[in-house]
Amino acid sequence: MAEKKMSFEQAMDRLDEIVRQLERGEAPLEEALSLFEEGTRLIKKCSTQLEQAEQKVNKLLAGPDETVKEVPFSEGGQA
């Protein structure tokens, strides 16, 4: 699956797989470098998606004066 079409969850699963492969240390150098590069791209993709999600949440939490009030999560998901 092309990286651009991966969902966040798919990208995280692929990152997990890459980490496991690299930790085993069995991949030849060229393959290890390729895996590392792919992992780096996936990290950037996931980071961007998380930042976008955070912006959406902040927009939803913004008060009438457009300021964001941070509310800590408590057990059970209630503030």
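So the values come out like this:
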read-out: Pairs where the first residue, in the range 14-42, is within 22 Å of LYS4 (Cα to Cα) and the second is of a type in the set (Lys, Arg) and at pLDDT 95 or above, C-beta under 9 Å, 6+ apart; value: GLU38/ARG14; GLY39/ARG14; LEU42/ARG14
read-out: Output for the range 41-67, where each listed residue is of a type outside the set (Lys, Arg) and touching an Asp or Glu at 6+ places or on another chain (Cβ under 7 Å); value: LEU42
read-out: Of all residues in the range 3-26 being aliphatic (A, V, I, L, M) and modelled with pLDDT of 95 or more, the one that is most open to solvent (accessible area, probe 1.4 Å); value: MET12
read-out: GLU70 of a type in the set (Asp, Glu), at pLDDT below 95 and surrounded by fewer than 10 Cβ atoms within 10 Å (Cβ to Cβ); value: yes
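The values are calculated or read from the model by the stated rules, or taken from the named source; none is laboratory data. This one's a predicted model, so the numbers in the text were calculated from it and none came from an experiment. Don't worry about glycine lacking a Cβ; one is built from the backbone with ideal geometry, like all the others, and counts go over all protein chains shown. These accessible areas exclude ligands, DNA and RNA; they are computed on the full protein's heavy atoms, side chains included. Shrake-Rupley method; radii C 1.70, N 1.55, O 1.52, S 1.80 Å.
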